[in-house]
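Enquirer: After the structure tokens below, expect a handful of questions from me.
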């Protein structure tokens, strides 16, 4: 054994060195500082070894290497750009030395080789990959670019255009796709990789394969003429700038780095990559996207813990077969859990099945599933008009009309029909779970399970803990949501729960601006420029003016000090005019179906007259920044209140809930991450400018303490 560490080992068998990654401290291999230090030691040992004819880099775990240790990025990125570049030069010296060993080398890739893991494989002369394995450079999704030579070696192997497509999109390649592109050299069943690697090395040593030419290809300038370079990079920059948009700089920076490095050797190309990496690492976008990744990891860890306390869900049921019920049935069935879909009307059941059928047909059309898969999924949805088949259900999701009296009647009925241990969850968006539980004999088996519309697209589910909800009920519901492919966040019971409670102060800030005479179309344009997928008026149309009006009343009753709107608002005016948004094609905008059958919005001159009675004549000039502050500050403050009251447990869950539930701009990281970026002192100072408008703009005492102490929500 040449080297024996806690992260990797190096042994020589019959003249072949075997570098085996096997992290003893975690379930996966990744490049943290400790692993890089051990790799440095192993490569140094190899450089001095005698009688070695080749090197195999392999993994003792299911995956090869899943990438860098992102938890170390915070401390690393806190340094200057020069310090970051210096660190990367040290790290890349390891991979360069491995690449320069005086004998051929091959990586055998099992499972995933992502980010630094794929870059490790690229530093060897050859790559053999298991038929079910994947490779990729997904760093772009964190707002950064590859830093261990990915932008240097991949373009020289597969061509600049192919490399740009992979790196700028953070694309993961399946085995055959990687082979076709030239990123790997062979695809085999996993159990045959070791033998094939040794055979390849023997042939390379015998001269059958020119491994030195392959190595020279990766360490020399790109073989592109001046005209080819200009066409490749100019076209790529134009396309990617349009695709990524102004808020995500990393994709375009990747193209520039590859272009800058095109005429350089390995040393010069790696320098260009390091400069791009350091520049991106210092952006607020990278800071936010890395925080989102870590937030997601926290939520997955919590979901895994809940799974250990959950009951098995072998049979589910949904009450109510409308668009929402049909969506829930589709989601459950498509992920493998059979579901009963009950309604009191045949036509409602037909609508629910039609919704599931339509969603599946689109999947077949796009090649995501086969016709056989579609048939199997539909077979897992069983429509029914009675409770006769409810004797074996494990979880029931109630999704009937948003009316407390009706819901209580239905919940009491299903509790009598279902087994005593069945978990019952309500898909209510606003009604208190604790109050709904009054209708039940076993309230400990009841909680909320709030899906967002459309169910198949929106990744978030709020699991609401009522006053009597048992830990087992919460755990089972979280586990069921996770198995449906959703991200579940457990929140407390209050008017609007978490997401709607935080969203409506944002809407309230919008309504106050409209009342003062600010054009709602201007506000929409500004907030879309801020990063929202749609502005507040457009979002209200999508939510439904009638739905928003109802939830607004619930929140006004629950929090009258800051959410009761005195007088009539633009929302009231549209509701009274029966302009309910996209559901009847009339709201703040009017809607017609485009060629793809999706609602396309257009300005509607009739809206101005409808809003005139509730809108003051345009008075003082309101700046763009004031508009942004006046809609964002109430959202930040209400999110802070929810955190302080324990409605949501952590800043990570709060921010992920807003991104996944209402489309908060990911590159800003969520309301609390955005507050961190602005600075709590600045947030409080901005709020003070508008506190005369009401408690909506009044920071909490804790926020003021944080401002005074320079504290942040995310460390």
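The values are calculated or read from the model by the stated rules, or taken from the named source; none is laboratory data. For clarity, every value in this text was computed on a predicted model and none was experimentally measured. FYI the Cβ positions are ideal-geometry reconstructions off the backbone, even for glycines, and counts take in every protein chain you see.
Enquirer: Residue check: is residue 433 touching a strand residue (DSSP E or B) at 6+ places or on another chain (Cβ under 7 Å), crowded, with 20+ Cβ neighbours inside 10 Å and free of Cβ contacts under 8 Å to residues at least 40 places away in the same chain?
Expert: Working: touching a strand residue (DSSP E or B) at 6+ places or on another chain (Cβ under 7 Å): yes; crowded, with 20+ Cβ neighbours inside 10 Å: yes; free of Cβ contacts under 8 Å to residues at least 40 places away in the same chain: no.
Against the criterion (touching a strand residue (DSSP E or B) at 6+ places or on another chain (Cβ under 7 Å), crowded, with 20+ Cβ neighbours inside 10 Å and free of Cβ contacts under 8 Å to residues at least 40 places away in the same chain), residue 433 does not qualify.
Enquirer: Kindly state which helices (runs of 4 or more DSSP H) lie completely within region 497-608 and contain at least 1 residues that are without any contact (Cβ under 8 Å) to a residue 24 or more places away in the chain and either out of contact with any strand residue (DSSP E or B) (no Cβ under 8 Å at 6 or more places or on another chain) or outside the structural domain of residue 631 (by TED's automatic domain parsing) (or both). It would help to see each step written out before you state the result.
Expert: Numbers: elements: 499-515, 520-530, 536-543, 545-558, 560-563, 570-576.
Because the criterion is at least 1 residues that are without any contact (Cβ under 8 Å) to a residue 24 or more places away in the chain and either out of contact with any strand residue (DSSP E or B) (no Cβ under 8 Å at 6 or more places or on another chain) or outside the structural domain of residue 631 (by TED's automatic domain parsing) (or both), the helices (runs of 4 or more DSSP H) in region 497-608 that meet it are 520-530, 545-558, 560-563, 570-576.
Enquirer: Counting just the residues of region 85-104 that are touching a strand residue (DSSP E or B) at 6+ places or on another chain (Cβ under 7 Å) and in contact (Cβ under 8 Å) with a residue 60 or more places away in the chain, which one comes out nearest to residue 189 (Cα to Cα)?
Expert: Per the criteria, the residue is 104.
Enquirer: While we're looking at this one, here's another question. Provide a single number: the residues in region 151-175 that are closer than 20 Å to residue 66 by Cα and free of Cβ contacts under 8 Å to residues at least 40 places away in the same chain.
Expert: Number of matching residues: 5.
Enquirer: Right, next: Does residue 413 fit the bill of being assigned to a loop (DSSP other than H, G, I, E, B) and either at pLDDT below 95 or not assigned by TED's automatic domain parsing to the domain that holds residue 558 (or both)?
Expert: no
Enquirer: Same structure again: Which numbered condition trips up residue 69, out of (1) over 26 Å from residue 130 (Cβ atoms); (2) at pLDDT below 95?
Expert: Status for residue 69: all satisfied but (1).
Enquirer: For region 56-66, name all the residues that are within 26 Å of the chain's Cα centre (by Cα) and part of a strand (DSSP E or B).
Expert: Matches in region 56-66: 65 only.
Enquirer: Go through region 680-701 and report how many residues are more than 21 Å from residue 513 (Cα to Cα) and in contact (Cβ under 8 Å) with a residue 24 or more places away in the chain.
Expert: Going through region 680-701 one residue at a time, the tally reaches 3.
Enquirer: Further, regarding this structure: Mind checking which residues of region 10-23 are more than 21 Å from residue 204 (Cβ to Cβ) and surrounded by fewer than 19 Cβ atoms within 10 Å (Cβ to Cβ)? Full working, then the answer.
Expert: Filtering region 10-23 down to residues more than 21 Å from residue 204 (Cβ to Cβ) leaves 21-23.
Selection gives 22 alone.
Enquirer: Tally up the residues in region 24-55 that are assigned to a loop (DSSP other than H, G, I, E, B) and buried (at least 22 other Cβ atoms within 10 Å of the Cβ), please.
Expert: 2
Enquirer: Something else about it: State yes or no: is residue 163 within 16 Å of residue 104 (Cβ to Cβ) and surrounded by 15 or more Cβ atoms within 10 Å (Cβ to Cβ)?
Expert: no
Enquirer: Could you grab me the full set of residues in region 279-290 that are part of a helix (DSSP H, G or I) and either under 11 Å from the mean Cα position of the chain (by Cα) or within 14 Å of residue 76 (Cα to Cα) (or both)?
Expert: Selection gives 279, 280, 281, 286, 287, 289, 290.
Enquirer: Tell me, yes or no, whether region 67-75 has at least one residue that is assigned by TED's automatic domain parsing to the domain that holds residue 218, surrounded by 17 or more Cβ atoms within 10 Å (Cβ to Cβ) and over 28 Å from the mean Cα position of the chain (by Cα).
Expert: The answer is no, given that none of the residues of region 67-75 is assigned by TED's automatic domain parsing to the domain that holds residue 218, surrounded by 17 or more Cβ atoms within 10 Å (Cβ to Cβ) and over 28 Å from the mean Cα position of the chain (by Cα).
Enquirer: Still on this structure: Test residue 690 against the criterion of being modelled with pLDDT of 95 or more and outside any helix (DSSP H, G or I), and give yes or no.
Expert: no
Enquirer: Look at residue 79 and say whether it is more than 30 Å from residue 132 (Cα to Cα), free of Cβ contacts under 8 Å to residues at least 12 places away in the same chain and either part of a helix (DSSP H, G or I) or touching a helix residue (DSSP H, G or I) at 6+ places or on another chain (Cβ under 9 Å) (or both).
Expert: It is true that residue 79 is more than 30 Å from residue 132 (Cα to Cα), free of Cβ contacts under 8 Å to residues at least 12 places away in the same chain and either part of a helix (DSSP H, G or I) or touching a helix residue (DSSP H, G or I) at 6+ places or on another chain (Cβ under 9 Å) (or both).
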